[in-house]
Structure formats: structure tokens, C-alpha cells
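The values are calculated or read from the model by the stated rules, or taken from the named source; none is laboratory data. This structure is a prediction, so every number in the text was calculated from the model and none was measured. Here the Cβ positions follow ideal geometry from the backbone for every residue, glycine too, while neighbour counts run over all protein chains shown. The accessibility values were calculated without ligands, DNA or RNA, using every heavy atom of the protein model including side chains. Shrake-Rupley method; radii C 1.70, N 1.55, O 1.52, S 1.80 Å.
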Amino acid sequence: MRGVNAALGAAGLAGFLALGEAVPRLGLVEEDYFPPTSRIADALGTEITDPAFWTALGDTLTGWALGLAIAVGAGIVIGVVLSVVPYLREATASTIEFLRPIPSVALIPLAVLLYGTELRSVLLLVVYASFWQVLIQVLYGVRDVDPVAEETARSYGLGTWARIRHVLWPTALPYVMTGVRLAAAVALILAITAELVIGAPGLGARIAVAQTSQAVPEMYALIVVAGLLGLLINVGARSVERRALAWHQSVRGEVTV
Amino acid sequence: MLDVRGLKKVYEGSGRRIEAVRDLTFTVGAGELVCLVGPSGCGKTTLLKCVGGLLAPTAGEVSLSGRKVDGPPPGMAFVFQEYGRSLFPWMRVGDNVELPLRQKDLSRARRRELVGDALASVGLADAAGAYPWQLSGGMQQRVAIARALAYEPEVLLMDEPFAAVDAQTRADLEDLVRRLWRERGITILFVTHDIDEAVYLGERVIVLSASPTVVREQLRVDLPAERDQVHTRVAPRFAELRTRVYEQIQAAKRGAATPAKADMPPSG
């Protein structure tokens with residue numbers, strides 16, 4: 001079954017690539033703006049031999065990873081503190097609901113004013129966008145603690161810290177993992193957006209340069225790279241999730257005794 | 001050993017006032033196995049949580065070896081009815097049993113020894129590496145019992161621990177509790193709604209009234225210490241005791257229907 005699915009997936013992808021080759025060649029679209037697959041592949045081949053491409057990729061990944069790490073760390077710590085300290089959750093709920101829907105890209109002018117085209121500009125946008133993803137999941141996850149598990153921990157004399165570590169954290173972990181996965185995807189989007197719009201060094205800036213210099217196949221090649229990056233990040237996040245949650249019913253499957 | 005005096009618990013919230021436990025006084029001697037039995041909904045769980053320091057009583061007090069209970073005391077272990085939720089699915093069986101011990105000041109070797117010994121006593125010596133959800137319900141409750149044993153409590157509180165397992169497993173677990181009690185000399189307070197179980201297990205049975213709860217009767221179970229499922233349950237004395245408890249419970253239910261109405265708490 002799995003082999004069949006993989007084969008179908010490969011066939012679908014091959015079909016899509018063939019379509020991308022055929023449509024411009026048949027003149028159905030302007031070849032200058034939609035180059036055929038083979039020309040994009042060519043450009044990609046040239047790109048990966050260029051050291052400047054790797055520098056740009058490194059810059060993007062740096063902004064992504066640093067921003068994500070800050071957002072995840074802050075989201076977890078603040079989420080747990082908000083839930084554990086009495087009344088804090090209620091006191092902050094409306095503020096969170098107000099701040100959360102602000103689109104991160106609306107902060108681009110602010111980022112430019114504050115940090116220009118530095119890495120910090122990218123970080124500001126990435127952290128703002130991905131922080132909420134993690135925070136909201138942590139808040140939900142913490143609320144999911146089973147009262148029986150909590151009472152068990154209390155009856156055996158586990159203190160506040162031990163209960164956070166052994167009961168609250170494992171309960172929230174599946175939610176946290178979902179939050180991190182969503183945040184990882186959002187962080188990549190924002191990193192590339194920031195580079196594209198602000199001109200901070202990275203893949204996004206390179207795409208903008210390719211576009212303004214009419215290097216259309218190169219532009220597409222870079223877009224493909226950005227897509228592959230997103231794919232890798234998602235696959236990576238899912239495998240981390242499976243490993244960390246081997247005990248969880250969503251991963252372990254049905255067990256027969 | 002365990003003293004409960006004038007215990008009262010009233011839940012208040014959103015304009016409603018529910019008197020779950022009215023006035024309970026009883027003692028459990030050191031090394032005794034006492035069963036609390038009462039009609040369903042009579043506040044047995046509330047009572048046990050007050051005794052275990054998980055709930056603060058509205059009035060009255062609980063003391064363990066002369067010390068007032070105002071939080072879960074270190075010498076007490078709790079076995080819950082919902083074993084599946086009480087064991088942590090993210091920890092292996094061995095770690096589940098060991099976790100409470102990590103709060104005590106014990107060496108690693110001593111903890112290992114206690115865990116191994118406790119699991120061996122419940123017949124699960126080779127299950128330490130499994131996850132709780134890989135075990136059957138009866139085995140999971142054994143793990144919960146092993147966790148309580150490893151904690152080396154003076155008093156073991158059991159809240160309808162076998163209500164969710166099948167009849168055969170239940171009989172095995174009852175014998176297990178009897179055996180552990182005799183081997184280890186722990187004091188056990190066992191809450192159940194099952195009359196047969198109360199008489200079969202206990203050295204003494206405390207019959208509770210319907211809610212708001214008071215002690216209705218205390219009964220000494222003068223069956224031999226050596227009990228088994230086949231012979232004890234058909235012994236004439238067992239039948240007498242069982243009938244006695246049954247009548248008391250029935251009377252408690254009827255009693256709740258009429259006079260309790262007169263002294264219902266004022267609403268609002």
C-alpha cells in the first residue's frame with residue numbers, strides 16, 4: 001500500500017513537471033515569463049555552483065532558525081507562566097486576542113525604521129509571526145492536564161516544579177509540537193518575505209535581484225529552492241514530533257494485549 | 001493512627017450549596033484494613049480526598065499519627081479508580097513507580113530496589129520496561145498498586161480501585177490486596193460500593209448513610225484472616241455479614257428519601 005502511494009506520488013510529480021515543460025513549449029503561455037521545466041532545472045544547476053547562492057541560503061536559514069528558536073523558547077516559557085500563575089491567563093487573554101491577529105508584514109515599516117536591512121529586521125518579523133503559534137498551542141495544551149493525573153502527582157507529594165516537569169509538560173507536548181511545526185512554516189514565509197521586501201540578505205533578496213535583472217529562469221529556480229526548504233522543514237518537524245510523542249495515542253496506534 | 005473527627009464538606013458555587021459530607025467520625029488503627037461502603041453518590045470519594053489531603057474539609061479534621069492533615073501527607077499513598085488516567089502514559093512502568101520516590105531523599109540504588117520489589121510483589125517484575133497502555137486494565141491497576149507500595153506508606157487509601165475491571169480480574173486483585181496487607185502490615189482504608197467486596201476484604205466495615213453523609217454503622221468482620229474466593233464467599237458467616245451490610249445500605253437509601261428532605265440546606 002505504501003509502495004503504491006509512493007509510486008502514485010512520483011507519477012503525479014513527474015506529470016506536473018512534464019506539464020511545466022510542455023505548456024510553454026506549445027506556446028500556450030509566454031515562454032519569457034514561464035520558462036519550461038528544463039530551463040529552470042538548468043538555472044538551478046548553475047545556481048548551486050555559485051558560492052553567493054549558498055551564502056544567501058545560509059542567511060535565510062540563520063534568520064529562520066534564530067527567529068524560530070526565540071519564538072519557541074519565549075512561547076513555551078510565557079505560555080507556562082501564564083497558565084501556572086493564577087489570574088494571569090484571564091488578565092492577558094484580551095491583550096493576546098488583540099495582538100495576535102496583527103499581520104506580521106504590517107510591522108515591516110517598523111522593522112525598517114528600527115533595524116534597516118539588518119538580520120534583526122528579519123528576526124523581528126519572524127519572531128512576531130511564529131511566537132503566537134507556539135503560545136496559543138501551549139495555552140491549550142496546558143489546559144488539557146487530566147485532573148486525575150494532577151491529583152495523583154499531588155497525592156505523591158510532587159511540588160510545583162515537579163508537576164510542571166512530569167505532568168504539565170508531557171501533557172502539553174503534543175500541542176507544543178503542533179505549534180512548533182506551524183511556527184516553523186510561518187517563520188520561513190516571514191524570513192523570505194522580509195528579505196524580499198526589505199532587502200535583508202538571503203534567498204528572498206536574491207529572488208528580487210533575479211527579477212529586476214530579468215533573469216527569469218533563475219528567479220524560478222530560487223522559488224523552487226524556497227519550496228524545497230519548506231518541504232524539508234515540514235518533514236523534519238514531523239519526524240521530530242513522531243519521536244518525541246512515541247507514547248501518545250496519535251502516534252502509538254492501537255495496542256493489543 | 002488515622003483519626004477523622006467531625007469531618008464536613010460543603011461544595012459551594014454558582015448559587016448552589018451541596019453538602020456532600022455532613023459529620024463523619026471514625027478511626028482506623030495501625031495495621032487495620034477498613035472498608036468504607038455506602039450507597040452510590042454518598043460522598044465516598046469526597047471523604048477519601050479529604051482524608052488524603054487533596055481537598056480541604058469545610059469543618060472537622062483529619063489527623064495521621066497525631067499530625068493534622070492539611071495537604072497530602074508524606075506517609076500516605078493513593079490508589080485511584082481511574083488507573084488509566086492515574087498512570088502517566090509518557091513514562092514506562094518502572095518510571096511511573098519510581099517518580100514519587102524521586103521526591104524523597106533516596107539513593108538511586110535504593111529507589112531501584114524499591115521499584116523492583118514493589119513490581120515483583122504485584123507479579124509484574126518483567127513489565128518495568130513496558131508503557132502502561134501496553135498492559136491490560138488489571139495489570140495497569142497492579143502497577144498503580146506497586147507505585148503505592150514502593151512509596152512505603154503508613155496508610156494506603158484506595159478509592160474504588162477495582163470498579164473498572166472485570167469480575168475475574170477483580171477477584172485476583174482483591175486477593176492481592178489481602179496478601180499485601182498481611183505481608184507488609186500497611187494500614188488500608190478501602191472505599192467501595194460493592195458490599196461483597198467490603199465484607200470479603202475488610203477486617204472492619206464502616207457503612208455510610210446516603211448524602212449528606214454520616215457513619216451509619218461499624219461492623220467487625222470476624223471471618224478468619226485466611227480468606228479465599230471459593231470458601232469464604234460461601235461461608236454462612238459471610239452471608240450473615242453481607243446481609244447485615246445490605247440491609248443497612250437499603251435502610252440508608254430509604255432514610256435519605258424521607259427525613260433528609262426536612263433538613264435540606266437553604267437554597268441560594
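Here are some notes:
- When both the stretch B:12-49 and the stretch A:138-157 are represented by their alpha-carbon centers, they are found 23 Å apart.
- Neighbour net charge for residue B:44 - beta-carbon separation under 12 angstrom, K R +1, D E -1: -1
- For chain B, the antiparallel share of DSSP beta bridges with both residues in that region comes to about 50%.
- Dipole magnitude of chain B, debye to nearest 20 (Cβ charges: Lys/Arg +1, Asp/Glu -1, about Cα centre): 520 debye
- Projecting the Cα positions of A:208, A:133, A:67 onto the charge dipole of chain A (unit charges on Cβ atoms of Lys, Arg, Asp and Glu, taken about the Cα centre) puts A:133 furthest along the positive direction.
- Contact order relative to length of chain A, as percent, for alpha carbon pairs under 8 angstrom and 6 or more apart: 23 percent
- Listed residues B:106, B:33, B:135, most fluctuating in chain B (Gaussian network, C-alpha, under 10 Å): B:106
- Of the residues making up the stretch A:125-173, those losing 30 Å² or more of accessible area when the isolated chain is joined by the remaining protein chains, with a 1.4 Å probe, are A:146, A:148, A:149, A:151, A:152, A:154, A:155, A:156, A:158, A:166.
- Distance (nanometres) between label positions extended 7 Å along Cα→Cβ at residue A:38 and residue A:11: 2.5 nm
- Remark: relative contact order (chain B) = 26 percent; criterion is Cα-Cα distance under 8 angstrom and separation of 6 or more residues.
- Net charge dipole, the stretch B:83-152: roughly 160 debye, given to the nearest 20, about the Cα centre with Cβ charges of +1 for Lys and Arg and -1 for Asp and Glu.
- Derived scalar couplings between HN and Hα for the stretch A:217-234 equal x, 4, 4, 4, 4, 5, 5, 4, 4, 4, x, 4, 4, x, 4, 4, 4, 5 Hz in order, rounded to whole Hz, by the Karplus curve 6.51 cos²θ - 1.76 cosθ + 1.60 (θ = phi - 60°), x for Gly and Pro.
- Summed buried accessible area for B+A [probe radius 1.4 Å, Å², rounded to 100]: 2200 Å²
- Separation between Cα centres of the stretch B:81-141 and the stretch A:14-63, rounded to whole Å: 57 Å
- Listed peptides A:8-20, A:153-165, A:71-83 by packing density, highest first (mean Cβ within 10 Å): A:71-83, A:153-165, A:8-20
- Between the helical axis of A:203-212 and the longest alpha-carbon principal axis of chain A there is an angle of about 30 degrees.
- Unsatisfied cross-links (Cα-Cα over 27 Å) in the set B:8/B:104; B:49/B:104; B:49/B:253: B:8/B:104
- Cut-off under 5 Å, modelled amide H: who pairs with residue B:36 long-range: B:190, B:191, B:192, B:206
- Aspartates and glutamates with Cα under 16 Å of residue B:68, excluding same-chain neighbours fewer than 8 positions away: B:3, B:154
- Net charge dipole size for the protein assembly as shown [Lys, Arg +1 and Asp, Glu -1 on Cβ; Debye, nearest 20]: 1360 debye
- Other protein chain C-beta atoms within 10 Å of residue C-beta, averaged over B:72-81: 3.
- A cut-off under 15 angstrom between Cβ atoms defines the neighbours of residue B:60, and their net charge, with Lys, Arg +1 and Asp, Glu -1, is +1.
- Degrees between helix B:236-257 axis and first principal axis of chain B (Cα, 0 to 90, nearest 10): 50 degrees
- Maximal additional length on extending the residue B:58-residue B:167 stretch stands at 35.5 nm, based on 0.36 nm per residue less the C-alpha distance.
- Gyration tensor verdict on the stretch A:34-242 (Cα atoms; rounded if a/c is under 1.5, prolate if a/b is larger than b/c, oblate otherwise): prolate
- Chain-alone versus full-assembly comparison, the stretch B:34-70, residues with accessible loss of at least 30 Å² (1.4 Å probe): B:54
- On a per residue basis, the stretch B:83-152 carries 40 Å² of accessible surface, using protein heavy atoms and a 1.4 Å probe.
- Gyration tensor verdict on the protein assembly as shown (Cα atoms; rounded if a/c is under 1.5, prolate if a/b is larger than b/c, oblate otherwise): prolate
- The shape of the stretch B:96-195 comes out oblate: with a ≥ b ≥ c from the C-alpha gyration tensor, a/c is at least 1.5 while a/b does not beat b/c.
- The stretch B:204-252 and the stretch A:179-238 have Cα centres spaced 74 Å apart.
- Shown for the protein assembly as shown: the carbon plus sulfur share of the solvent-accessible area, taken with all protein chains present and a 1.4 angstrom probe, equals 59%.
- Dividing the summed helix terms, -39500 (n - 2.57) for each DSSP H run of n ≥ 4, by the number of residues in the protein assembly as shown produces a 222 nm estimate of -18500 deg cm²/dmol to the nearest 500.
- Once the Cα atoms are used to define both axes, helix A:169-198 deviates from the longest principal axis of chain A by about 30 degrees.
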